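Written below as structure tokens is the structure these notes are about.
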Ligand SMILES: C[S@@+](CC[C@H](N)C(=O)[O-])C[C@H]1O[C@@H](n2cnc3c(N)ncnc32)[C@H](O)[C@@H]1O
């Protein structure tokens, strides 16, 4: 393992001030701060539920014959959600995790060690990947492209570190139209939940004001780290200009996102654990049913209306 830089879980006021004008610094501070609680916040696990989810995204994005890629790298790995679950699904044999945030690389390596997976890691910017040319057979990423200032440069780097014929798969990117309705629904849910829980009979459902204020501050920093939303056609054009071939962007989640974002916002607005297991199951099964409906809607509704974009392509031989 090499996490050559030290995490900054508690940023100073000066660092936070500087981060407003520097999206990369904001990413490091925000994600170092989140690294310890990230899996819990996003219900990330390394069991069948998330293995199926990760492998499902991979299959939607790209053709796969079921044979493992020899060596895969993840950009913006976070705690390792995508690559570690893909490895458990048999998509890759060996892995490397990279992220701008040292706290996230350390968390991903800890998770890989617990799972007994052969994974190394480096703190690395996706615009200048810290591995030599032609190191990998597969490059993956989940919810990372929208944080990178120069996405086309990141695609060029992806193609540089891929071996000829190697593939990249990115999933979990917000579309421009999807982001608009997801944000609006989330803001309305936050407003409704934090207002209604001021009523005396519902105060047991209210989080302490200091915690709500901290969430609002974090949401403000989130607006600095969330740089892009994508039109699927533009995303394809960018990857193609960078030199990729067989480029294809697909999308998913329309009604599922319209449910999922308000649900996650409501969960964040009330005290942790208040909603219980039955709620978690209700939310998950509702999301699954709506995702099935969205798969049917995908045959008639244009792809740019769906919330999540996925993109794949290959390096020419
Ligand atoms: C929304 S999180 C997603 C984490 C993980 N892939 C997941 O899906 O759970 C985005 C991650 O990308 C990282 N990141 C942001 N900008 C980056 C960059 N320029 N290069 C590499 N990683 C970056 C952040 O530090 C963060 O860990």
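No value in this document is a laboratory result; all are computed from the given coordinates. Predicted model only: the values in this text are computed from it and were never measured. Note that we place each Cβ from the backbone using ideal geometry, even for glycine, and neighbour counts take in every protein chain shown.
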Fluctuation leader among 260, 298, 276 - the chain, Gaussian network, Cα springs under 10 angstrom: 276
Choice from 22, 65, 52 with maximal GNM fluctuation in the chain (Cα, 10 Å cutoff): 65
Which of 307, 38 has the fewest Cβ neighbours within 10 Å, and the rest in rising order: 38, 307
Scattering profile of the range 59-135 at q = 0.15, 0.22 Å⁻¹ [log10 I(q)/I(0), Debye over alpha-carbon scatterers]: -0.48, -0.97
Sorted by Cβ density within 10 Å, fewest first, the residues 50, 77: 50, 77
Relative contact order, percent, the range 216-317 [alpha-carbon distance under 8 Å, six or more residues apart]: 48
Sequence ranges 206-217, 120-131, ranked by mean other-Cβ count within 10 angstrom, highest first: 120-131, 206-217
For the chain, average projected area of the Cα convex hull in nm²: 16.1
log10 of Debye I(q)/I(0), alpha-carbon scatterers only, for the range 177-317 at 0.14, 0.19 Å⁻¹: -0.81, -1.16
DSSP bridge orientation in the chain - percent antiparallel, rounded to nearest 5: 40
Shape of the range 253-298, Cα gyration tensor, a/c cut at 1.5: oblate
20 Å reach of a label modelled at residue 152, 7 Å along Cα-to-Cβ, counting backbone N of the range 274-317: 311-316
Choice from 114, 147, 71 showing the highest fluctuation, given a GNM over the chain with Cα pairs closer than 10 Å: 114
The chain, relative contact order in percent, only Cα pairs under 8 angstrom and at least six apart counted: 19
DSSP-defined beta bridges in the range 25-139 - what % are antiparallel, rounded to 5: 10
In degrees, nearest ten, helix 255-269 long axis to first principal axis of the chain (Cα): 60
Gyration tensor verdict on the range 217-271 (Cα atoms; rounded if a/c is under 1.5, prolate if a/b is larger than b/c, oblate otherwise): oblate
For the chain, calculated [θ]222 nm from helices alone, where every DSSP H run of n ≥ 4 adds -39500 (n - 2.57): -15500 deg cm²/dmol
